[in-house]
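Asker: I have a structure I would like to understand better, so I am pasting it below and will then ask my questions one at a time.
Just so it is clear, none of the values below were taken in a lab; they were calculated from the coordinates. Everything quoted here is computed from the prediction, not taken from an experiment. Heads up, the Cβs are rebuilt from the backbone with ideal geometry, glycines too, and the neighbour counts pull from every protein chain shown.
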Amino acid sequence: MRTPVVLVTGVDPDAMAATAVGLQFGLPGAVAVRHHIDVEHQLLTRTVSDLTGVLERQDVELEHACVPCAIREDVLPTLERLARARRWSGIVAHLPVGAECAQLCTVLDRDTRLARVLRVSTVVAALDARDPVHDLLGDDLLAERGLETSREDRRSVGEVLAAMVEYADAVVLDGAATPLGRGLVEALAQPEAIIVGAASDLDTDVLVDGAHQHSRTAAWTTPVRRDSLPSARTEGIWQVDLHASRPFHPGRLLECLELLGTGAHRSRGCFWLPSRPDRAHRWDGAGGQLSIGDLGPWRGAAPLTRIVLTGIGIAPAGLRDSFDRLLCGAEELHRGWQVSEDGFEPWLGPIRGVA
């Protein structure tokens, strides 16, 4: 019998705490475990409780205070220990603020030893309903709010929270959200995601039986998407799907990243470069912050450049023209691209296979 785990993610401590407590009361036979990272003191604090009260609280010194270390060194071992105790019917896991759960879900899906005792039943993203638009599309950094998960953490609030909403099986908007705020969340979330105003509104049977399907979530969140996307369901929410089989021109992209990468919108997808024809690259942006990285080889699949942008109000004029401008033209595509450098080495690493 595998113990179901409900994972709680978010970037607002109050919304996460309220959601975790609500889930714990809704699942009276469950145990709750909360992890908090103290970046300054390199400490991870673990608190375990059930409806009888606090069962344990312990500080764990980390060699490097960061989310991967916390998951590896304490989160996973604690979840396994609680499951093997066979004392509770489920686990509510309040992850560190700002910690995305994709790594944890992947490990629990692939590790056969852990999979014998644990299963992710539902991933819940907890948001402050007062201004989800600003949180998702603004340019604040986690560090500016004192929410960084390591000393090197320079991620934006929007980048992290948007990824959490997209990964979640359920989204709790803690409070009364505006129609525009809720509509933006609906546009980013999986089509099957449950969106509610409080944890008490979630169906406990669904939480335990399992709203989470790892393969479905992976298909929705992968940067390389080839399927059609559902239309935005709320007036005032725009979405532009830019796609082509041609690559971006390295020089123009490097000079003009701001054409698509800046602005109060969410953008994500993939692209390729003629200087690196065998590699797929990730595009991940929110609120003017843009992150790009190497995804790996195409493995026989046709290369694709596709960026999906989502925002509120009216879509900026010229997005499609800007996208077309960044693509290689037919003559450019057939010129020699055997180069040793293309300017993207700081983000994508060295060009492979160059003599």
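Asker: Take 25, 248 and order them by how many other Cβ atoms sit within 10 Å, fewest up front.
Answerer: Least to most surrounded, the residues fall as 25, 248.
Asker: Based on the Cβ-Cβ distance from residue 56 to residue 299, what FRET efficiency comes out when R0 is 51 Å, to the nearest 0.05?
Answerer: 0.65
Asker: Apply 1/(1 + (r/R0)^6) to the Cβ-Cβ distance of residue 198 and residue 112, taking R0 = 45 Å, and write down the FRET efficiency to the nearest 0.05.
Answerer: Efficiency computed from Cβ-Cβ geometry: 0.75.
Asker: Using only DSSP helix segments of four residues or longer, with each worth -39500 (n - 2.57), what per-residue ellipticity at 222 nm results for the chain after dividing by its residue count and rounding to 500?
Answerer: So the helix-based figure for the chain works out to -7500 deg cm²/dmol.
Asker: Grab the other residues whose beta carbon is less than 14 angstrom from that of residue 58, score K and R as +1, D and E as -1, and report the net.
Answerer: That works out to -2.
Asker: So which trypsin sites (Lys or Arg not before Pro) in the stretch 277-311 pass both tests, a DSSP loop state and at most 11 other Cβ atoms within 10 Å of the Cβ?
Answerer: 299
Asker: Which entry in [x] 1.02; [y] 1.06; [z] 0.99 is this structure's computed Rg/Rh (Cα atoms, Kirkwood Rh)?
Answerer: Derived directly from the coordinates: [z].
Asker: Would you work out which of 240, 322, 280 lies farthest towards the positive end of the dipole of the stretch 237-348, given +1 charges on the beta-carbon of Lys and Arg and -1 on that of Asp and Glu, about the Cα centre?
Answerer: 240
Asker: Sticking with this structure for a sec: Going toward the positive end of the dipole of the stretch 110-268, with +1 on Lys and Arg Cβ and -1 on Asp and Glu Cβ, which of 133, 173, 229 do you reach last?
Answerer: 229
Asker: Dimensions of the stretch 43-127 along principal axes (Cα, Å, largest first)?
Answerer: Extents along the principal axes, in whole Å: 33, 31, 29.
Asker: Among 22, 54, 33, whose Cα lies farthest out toward the positive end of the dipole of the stretch 19-63, if unit charges sit on the beta carbon of Lys, Arg (+1) and Asp, Glu (-1)?
Answerer: 22
Asker: Further, regarding this structure: Would you please give the residues with an amide H less than 5 Å from that of residue 265, counting only those at least 5 places away or on a separate chain, with H modeled from the backbone geometry?
Answerer: HN-HN under 5 Å from residue 265: 287, 288.
Asker: What is the chain's relative contact order, in percent, from Cα pairs under 8 angstrom and six or more apart in sequence?
Answerer: It comes to 16 percent, rounded to a whole number.
Asker: Right, another one. Express in whole angstrom the spacing between the alpha-carbon centres of the stretch 140-203 and the stretch 225-264.
Answerer: Using only Cα atoms, the two centres lie 21 Å from each other.
Asker: Within the chain, what's the longest run with no GluC sites (Glu not before Pro) in a DSSP loop and at most 13 other beta-carbon atoms within 10 Å? Give the range, please.
Answerer: 236-340
Asker: For the stretch 1-80, state which trypsin sites (Lys or Arg not before Pro) are in a DSSP loop and have at most 15 other beta carbons lying within 10 Å of their beta carbon.
Answerer: For trypsin sites (Lys or Arg not before Pro) across the stretch 1-80 that sit outside H, G, I, E and B with at most 15 neighbouring Cβ atoms in 10 Å, the list reads 2.
Asker: So, with +1 on the Cβ of K and R and -1 on the Cβ of D and E, and no other charges, what is the size of the charge dipole of the chain about its Cα centre, to the nearest 20 debye?
Answerer: 1220
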